[in-house]
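Asks: Supplied in structure tokens, the structure appears directly below.
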Amino acid sequence: MSTLLFRYVPGNSFLHMLDPRVKITAMLVASISIFMSSTFREMAAILLVFYLLLLISSVSPRVVFGSLRPMLIFLALIFTLQLFLTGGDPLFSLMGLDATYQGLVKGSLLILRFILLLMFASLLTATTSPSMMTAGIERMLRPLPSRKFGISSFDLATMMFLSLHFVPLLYESFNHLRDSQISRGLDAKKNPARALYSLSVPMIRTAFSSAEDVAVAMESRCYQGHHRSSLHEPQLRKKDLLSLLFFAIVMLLVI
Amino acid sequence: MSIVVRDVNFRYNPGTSLERTALEDVSLSIGRGEFVLIGGAIGSGKSTLIRHFNGLLRPCSGQVTVDGMQASEKKVRSRVGMLFQFPRQQLFGRTVFEELAFGPKNFGLRGPEIEKQVHYALELLGLGKDISAESPLRLSGGQKRLVAIAGVLACRPEYLVLDEPLSGLDAENKSLLISALRLLNSNGITIIVVSHRVSDMLSLADHVYWLDRGRLVFSGTPAEYAGHGSLPLPEITCLMKELRTRGFDVRGDIFDTDEAFREISRMLGPKRVTGATEQ
């Protein structure tokens with residue numbers, strides 16, 4: 001089994017070589033721009049920027065779209081709710097509910113925002129190795145006064161890294177479980193309640209037991225969150241800062 | 001009637017830098033009532049291959065048919081029962097009965113029919129009726145696996161496919177499971193076992209297939225497998241072959257210790273063997 005969900009794709013592209021802090025900040029800039037954009041034209045411009053970044057990264061578009069697939073149901077639900085629950089000029093009726101033109105526009109813009117966000121996040125994880133990601137997050141969080149609350153930046157970075165790391169693992173476990181239940185005749189379309197129960201109960205148990213296994217494995221290898229060295233020490237160079245500046249200007253011009 | 005795999009090719013993540021060929025021109029045929037072993041190193045494509053048997057995966061090219069039907073047809077799912085690695089992770093029912101009734105309910109059976117199927121599965125595996133009221137999560141590792149198998153058997157499959165069924169089991173539970181599989185096979189159910197370590201079940205198998213990096217490199221009987229020379233053999237078979245090459249009059253195609261004991265006893269004569277270990 002092999003999943004493309006938020007996978008790291010090893011490579012030597014310009015994006016792969018950038019400092020992780022720059023890429024994480026750029027992701028934040030992109031997120032702000034995406035949420036500030038309010039027209040299809042602005043969205044199309046952001047999509048164009050994304051496409052150029054994808055070309056620079058040499059990451060296959062399938063890797064990015066592979067991350068979108070599991071979210072399709074969620075996106076479809078958001079779109080449907082917006083379509084039917086927004087007031088305005090009616091387009092058609094379904095079970096007593098009116099789909100409106102305004103709902104269509106609002107729903108399309110909303111799911112486009114989510115799609116763009118997921119695509120940028122997927123590009124970030126595809127071009128940044130997990131260890132670099134952890135190191136980057138840790139360096140960014142270090143100036144925060146989190147120690148006053150009993151949490152070190154190392155703890156926070158490790159938590160974030162593990163959360164990211166667990167997404168594809170849990171997705172693979174889910175696929176495995178789904179295959180098992182489908183083999184016993186489960187048809188999610190015919191009986192969604194049974195599907196939800198038969199998949200969620202073992203899935204929650206697997207998630208808890210995997211988390212416990214990781215915690216025990218880390219503790220047995222002397223993990224302590226106070227201070228840890230890093231295998232790859234990120235180096236912030238002039239070209240990293242210039243790249244971030246350039247990206248921020250482009251995104252500002254776009255919206 | 002049988003499972004027929006013809007020139008199957010399968011690739012994960014095609015068209016990406018993460019593309020990986022899992023199966024290459026694989027062709028095989030599994031007859032009704034057979035006990036088949038599919039071996040190969042980890043990552044050789046075994047699990048990918050069996051996922052084609054009930055349409056969970058569809059080949060990039062080639063064809064898989066089950067009793068003449070395309071494996072992707074929904075009807076095939078009730079014929080080909082599949083049990084994946086770590087089956088205890090799939091358990092979710094409050095009781096064993098509820099767990100076992102899941103499959104029959106999905107296939108549209110009702111009240112008394114479901115009960116009949118559940119009891120059929122419990123009986124077939126020698127699990128008492130008392131177990132049906134217990135929580136499957138409170139059972140021992142070996143029992144959990146048997147309950148997971150019973151969950152598949154309750155759908156009355158004609159083919160039972162098991163992915164690494166012995167991994168993580170102790171000797172006692174291994175022998176329990178092997179006996180159960182032997183029993184199921186004698187009841188006419190076709191058994192297909194996938195394992196990177198075929199030694200535990202060679203003595204039961206009618207046919208052995210070996211995959212190497214997605215290619216089928218061996219197909220033959222266990223005796224032919226033992227004579228192949230470059231495929232991994234059970235320690236006991238190696239010992240018997242070594243004895244044979246050193247001039248002892250013993251068979252080389254022996255795969256379990258009980259049979260080896262009997263063979264050595266025959267060679268030495270009954271008076272020479274003491275402290276019998278045969279169970």
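Asks: Per residue of B:111-120, count partner chain C-beta atoms within 10 Å of its C-beta, then hand back the mean as an integer.
Replies: Per residue, the average neighbour count from other chains is 0.
Asks: For the residue pair B:Phe218 and B:Arg182, what label-to-label distance in nm results when each label sits 7 Å from Cα along the Cα-to-beta-carbon direction?
Replies: Modelled inter-label distance: 2.3 nm.
Asks: Would you work out the charge dipole size for the protein assembly as shown about its Cα centre, treating the Cβ of every Lys and Arg as +1 and the Cβ of every Asp and Glu as -1, and quote it to the nearest 20 debye?
Replies: Using Cβ point charges on Lys, Arg, Asp and Glu, the protein assembly as shown gives about 1080 debye.
Asks: Let me ask another. Can you give me the long-range amide H partners of B:Met82? Hydrogens built in the peptide plane at 1.01 Å from N, cutoff under 5 Å, separation of 5 or more residues or another chain.
Replies: Here B:Val161 satisfy the definition.
Asks: Is it possible to state the helix-based mean residue ellipticity at 222 nm for chain A, with each DSSP H run of 4+ residues giving -39500 (n - 2.57), the sum divided by total residues, to the nearest 500 deg cm²/dmol? What is it?
Replies: Dividing the helical sum by the residues of chain A leaves -23500 deg cm²/dmol.
Asks: Express as a percent, rounded to the nearest 5, the fraction of DSSP beta bridges in chain B (both residues included) that run antiparallel.
Replies: That works out to approximately 50 percent antiparallel.
Asks: Take every residue in peptide A:175-181, count the Cβ atoms of other chains within 10 Å of its Cβ, and give the average of those counts.
Replies: Per residue, the average neighbour count from other chains is 6.
Asks: Sorted by packing (mean other beta-carbon atoms within 10 Å per residue), highest first, where do B:83-94, A:212-223 land?
Replies: B:83-94, A:212-223
Asks: Could you name the lysines in cross-link range of A:Lys239, using Cα to Cα under 21 Å and dropping any fewer than eight places away on the same chain?
Replies: A:Lys239 reaches A:Lys23.
Asks: Pick out which of B:Arg11, B:Arg251, B:Arg197 has the largest mean-square fluctuation in a Gaussian network model of chain B, springs linking Cα atoms closer than 10 Å.
Replies: B:Arg251
Asks: A follow-up question, please. R0 = 41 Å: FRET efficiency of B:Tyr120 with B:Glu19, Cβ-based, nearest 0.05?
Replies: The value I calculate is 0.40.
Asks: Starting from the Cα of A:Ala188, step 7 Å along the direction of its Cβ; do the same at A:Thr80; then give the gap between the two resulting points in nm.
Replies: In this crude spin-label approximation the distance works out to 1.4 nm.
Asks: Quick one: of the DSSP bridges fully inside the protein assembly as shown, what percent are antiparallel, nearest 5?
Replies: 55
Asks: Given the pairs B:Lys74/B:Lys105; B:Lys144/B:Lys174; A:Lys190/B:Lys75; B:Lys74/B:Lys144, which are separated by over 19 angstrom at their Cα positions?
Replies: B:Lys74/B:Lys144
Asks: Could I ask something else about it? With a/c under 1.5 counting as rounded, go ahead and sort chain A into rounded, prolate or oblate using the C-alpha gyration tensor (a ≥ b ≥ c being the square roots of the eigenvalues; past the cut-off, prolate if a/b is larger than b/c, else oblate).
Replies: oblate
Asks: Can you give the extra length, in nm with one decimal, that the chain gains between A:Ile204 and A:Leu144 once fully stretched, where that is 0.36 nm per residue apart less the Cα-Cα distance?
Replies: 18.3 nm
Asks: With chain B treated as a Gaussian network of Cα nodes joined by springs under 10 Å, which of B:Asp212, B:Asp163, B:Asp67 yields the largest mean-square fluctuation?
Replies: B:Asp67
Asks: Another one. What average count of beta carbons from other chains do you get within 10 Å of the Cβ of residues in A:187-198?
Replies: 2
Asks: Another question, if that's okay. With n ≥ 4 as the cut-off for DSSP H runs, can you work out [θ] at 222 nm for chain B, using -39500 (n - 2.57) per run divided by the number of residues, rounded to the nearest 500?
Replies: -10000 deg cm²/dmol
Values in this text are rule-based calculations from the coordinates and carry no lab data. Keep in mind that this is a model prediction, so the values were computed, not measured. Reconstructed Cβ throughout: ideal geometry from the backbone, glycine too, with neighbour counts over all protein chains shown.
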